[in-house]
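Asks: The structure's right below; bear with me while I get my questions together.
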Amino acid sequence: MDQKEIFKKVRKIEIKTRGLSNQLFSGEYHSVFKGRGMAFSEVREYQYGDDIRNIDWNVTARYNHPFIKIFEEERELTVMLLIDVSGSNSFGTQMQFKQELITEIAAVISFSAIQNNDKVGVIFFSDKIEKFIPPQKGTSHILRIIR
């Protein structure tokens, strides 16, 4: 398979998986950990033991008893793909080899992760580690993985 055919296949996979990844993982997720994050979550009444630095003075003045601000801690995930590149992947039907299906699944997962602003890395292995691509963000990085 020459370079031109590979780029054509990668482009086809990108177009096909972009629609799938939009449908599969449509919403961003928030951490269940409450903390000193940047995203404001809610205001609630002050309870004994709460940090007084989080008091919302505007709401406290309006209701004449203390209220505090609650923030959600935002977390960034790292997605690691472990892909088998042994000889068993050259098996399949006339329509599609296992290797092509693995590539499409990896592309869908990768594009979904990138849409959620996560990093994606990959380890290609057979009986040993063949290649390691460290986690990074960006569409160009995903296209490199698919290639």
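The values are calculated or read from the model by the stated rules, or taken from the named source; none is laboratory data. None of these values were measured; they are calculated from a predicted model. Note that we place each Cβ from the backbone using ideal geometry, even for glycine, and neighbour counts take in every protein chain shown.
Asks: Based on this model, can you work out whether residue 89 counts as in contact with a helix residue (DSSP H, G or I) (Cβ under 7 Å, 6 or more places away or on another chain), modelled with pLDDT of 70 or more and either in a helix (DSSP H, G or I) or loosely packed, with under 15 Cβ neighbours inside 10 Å (or both)?
Replies: Against the criterion (in contact with a helix residue (DSSP H, G or I) (Cβ under 7 Å, 6 or more places away or on another chain), modelled with pLDDT of 70 or more and either in a helix (DSSP H, G or I) or loosely packed, with under 15 Cβ neighbours inside 10 Å (or both)), residue 89 qualifies.
Asks: Filter region 55-69 down to residues that are part of a helix (DSSP H, G or I) and surrounded by 14 or more Cβ atoms within 10 Å (Cβ to Cβ) and give me whichever is nearest to the chain's Cα centre (by Cα).
Replies: The qualifying residue nearest to the chain's Cα centre (by Cα) is 59.
Asks: Listed residues 91, 124; which is free of Cβ contacts under 8 Å to residues at least 24 places away in the same chain, over 15 Å from residue 9 (Cα atoms) and out of contact with any Ser or Thr (no Cβ under 6 Å at 6 or more places or on another chain)?
Replies: After applying the criteria, what remains is 91.
Asks: Moving to a separate point now. If you check residue 95 against the conditions, is it modelled with pLDDT under 70, assigned to a loop (DSSP other than H, G, I, E, B) and over 19 Å from the mean Cα position of the chain (by Cα)?
Replies: No; evaluated as a whole, the condition is false for this residue.
Asks: Please state which one of 124, 111 is part of a strand (DSSP E or B), surrounded by 14 or more Cβ atoms within 10 Å (Cβ to Cβ) and aromatic (Phe, Trp, Tyr).
Replies: Within the list 124, 111, the selection yields 124.
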